[in-house]
Structure formats: structure tokens, C-alpha cells
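**Student:** Here it is, the structure, as C-alpha cells.
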Amino acid sequence: MTTSNNRIPLIAGNWKMNTTPEEGHALATAILDGISAKDVGFSASRCDIGFYPPATSLAFIAGLCAEFEGCKVYVGAQNMHAEESGAFTGELSSAMVLACGSDSVLLGHSERRHIFNETDTEIGAKMKTAVEAGLTAVLCVGEKIEERDAGNTMEVVNRQLEAGIEGLTEAAQLEKVIVAYEPVWAIGTGRTATPEQAQEVHGAIREQLGAAFEKRGAEVGAREDIRILYGGSVKPDNASELLSQTDIDGALVGGASLDAASFLGICEGCG
Ligand code: PGA
């Protein structure tokens, strides 16, 4: 079993329904400039970054990031449909996401699950389509407060994870997945999981990924290469403690990703 940890942290900003193209351009530019400004103490080799802007800015932001050499930048959609095309008003297909120049997509975000009532099965179908299209799929999982209080955190997270990767029948497909553990009660609430609470779930997710790799004929150790991000009220002042946990490989950031200084401050927490 491989025990080495060569995972490069990923700090990803989920802009949600915020920013016009102009505002997004200014935000992304300020972040990229900050990462390039090594003279002010930022070491670009510390992390990869990701931008998940609204669909209206996707092509624009992807274009802006395409030439950036300071670090790897993922640019992705916040959601997409499982079908390739058709009568699905208001939806985006994987081909459209790719044609914007983006390489990734967020799937199963808690707001998609709980405001828009997306089911585990639908999210699993989207994951399959995304990975088959060549996108890096960020699968978001996480329990509600009543589920945590009832002691059901791992049951919920395992179910969401299992359903999310069910259609990925080959180990190589699983390698295209990034998992984001976001306890619903910590999203946008200012209430963060403690590093210990987060590590406990991240460690269990990695165990389950090991079993998933084994089921697909790969070594259990392949799980060591998968990145598991934490999300939920990550800020510059709590980032480094969370990111120092063994199985926390980055952050999916909502509110604090809309401010360049805060986002850069979280990136600094990878150091
Ligand atoms: P937050 O959002 O950082 O504002 O809590 C995280 C997310 O929804 O991904």
C-alpha cells in the first residue's frame, strides 16, 4: 500500500451566483496577480487553484487563465446536466462546459442537493457524463446538522460518495475525481468544522475510496492520490489549521473566494 502523500493542495473558489463578467475578470486578475507577486511572499508552488464562476463568465475566465503560468488553474462550471443535449431549458451540457475552455465541474453541491432537490442518482449520472467527457469532477458531499446530531454523518457521506462514483467503473475514471467534504451546517454560516471533525470524515472518505479502487481492480493505495477538499466557512484565519490535517488536501471556498485578499490568504495557508 502506498502511504506517501504527494498531493498538491487545491484551493478552489465557488463564486455561486455572484459576479458579472466584469467583476469576475477583476477578481480573477487580482488573484492571479497576487500569485505571481512572489516578492510579497506568495510561493506559487504551494498549491493549485480553481475558479468556479457563473456560467456567463466561464469562457471569459477560462480564457484569462489559459496563459497563466504561476500555478495550475482549474476553471469549471458550478453544475451541468447528465444528458449530452436536448430539451433541458436552462441547463448546460458537458460539451458546452468543455467548449468554454474549462476543464472541471462542481457536482452535487449542497445547494444543488437541498435547494434544487438533486438526488444522489442524478448526481451520479452527472459524474459519469462529466468524467467520460474528460472533465475533472469535484463531487461535493456533506451531512446536515440533524444528520450529524443523530450520529449519521458517515452513513450520509458514504451514501453520497458511493452514489456519486457508482457509474465510474474503471479506476482511471476514479482518478479524475476530486471529493469536497462540505458539512451543510458549515456552509455560509461562519461555523467551521473543527480540524479534528473534518479530518475524521476525510480519513473515512479516503478509506472508502480505497475500497472503491479495489473494487475496480486497482490497488487500495491509489486512494492516496485523490484530493479531498474541505469546504464550509474557510477563511484565511482557519485555513492553515484545517489544511495541515493529513487528509485535507485543499479547500472549496464560497464567501471568502469573492475577495482576492481572502482567497490569497487561504492559499497562503497551504504553506
Ligand atoms: P462558504 O461556502 O465558504 O461560504 O461556507 C462553501 C461552499 O459552498 O462551497
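**Student:** Along the range 197-213, what does the Karplus equation 6.51 cos²θ - 1.76 cosθ + 1.60 (θ = phi - 60°) give for ³J(HN,Hα), rounded to whole Hz, x for Gly and Pro?
**Tutor:** Coupling constants for the range 197-213: 4, 5, 4, 4, 6, 4, x, 5, 4, 5, 4, 5, 5, x, 5, 5, 5 Hz.
**Student:** Using Cα springs under 10 Å in a Gaussian network model of the chain, which residue among Ala26, Ala260, Ala222 shows the largest mean-square fluctuation?
**Tutor:** Taking springs between Cα atoms under 10 Å, the residue moving most is Ala26.
**Student:** Right, another one. What ranking of His109, His202, His81 emerges when the number of other C-beta atoms within 10 Å of each C-beta is taken as an exposure proxy, fewest first?
**Tutor:** Placing the least packed residue first, the sequence is His81, His202, His109.
**Student:** If you don't mind, there's one more thing I want to ask. Checking a compactness column here: for the chain, what do you get for Rg(Cα) / (2.2 N^0.38 Å), N being the number of residues?
**Tutor:** So the chain has a normalised radius of gyration of 0.94.
**Student:** For every helix of n ≥ 4 consecutive DSSP H residues, a contribution of -39,500 (n - 2.57) applies; sum these over the chain, divide by its total residues, and give [θ] at 222 nm rounded to the nearest 500 deg cm²/dmol.
**Tutor:** Estimated from H runs of four or more residues: -12000 deg cm²/dmol.
**Student:** Relative contact order for the range 66-167 using alpha-carbon pairs under 8 Å, separation at least 6, rounded to a whole percent?
**Tutor:** It comes to 26 percent, rounded to a whole number.
**Student:** While we're here: Do any cysteines in the chain lack another Cys Cβ under 4.7 Å, and if so which?
**Tutor:** For the chain, the answer is Cys65, Cys71, Cys100, Cys140, Cys267, because their Cβ atoms have no other cysteine Cβ under 4.7 Å.
**Student:** Same structure again: With an 8 Å Cα cut-off and a minimum separation of 6 or more residues, compute the relative contact order for the chain in percent.
**Tutor:** Taking the mean separation of contacting Cα pairs over the length of the chain, I get 21 percent.
**Student:** Under 5 Å between amide H atoms, partner at least 5 residues away or on a different chain: which partners does Leu106 have, H built in plane at 1.01 Å?
**Tutor:** Ala77, Gln78, Asn79, Val138
**Student:** Taking 8 Å as the Cα distance limit and 6 or more residues as the minimum spacing, I'd like the relative contact order of the range 135-213 as a percentage.
**Tutor:** 41
**Student:** Would you list, by chain and number, the aspartates and glutamates whose Cα falls below 18 Å from the Cα of Lys72, excluding same-chain residues fewer than 8 positions away?
**Tutor:** Asp33, Asp48, Asp103, Glu175, Asp225, Asp249, Glu268
**Student:** Which of Ile31, Ile115, Ile123 moves the most in a Gaussian network model of the chain with Cα springs under 10 Å?
**Tutor:** Ile115
**Student:** Now, a different point. Packing-wise, with mean Cβ within 10 Å as the measure, how do 175-187, 67-79 rank, highest first?
**Tutor:** Numbers: 175-187: 23.2, 67-79: 19.0.
Most protected by this proxy first, the peptides run 175-187, 67-79.
Only the coordinates and a few stated rules stand behind these numbers; no lab work does. Being a predicted model, the structure only gives us computed values, none of them experimental. Neighbour counts run over all protein chains shown; Cβ positions are idealised from the backbone, glycine included.
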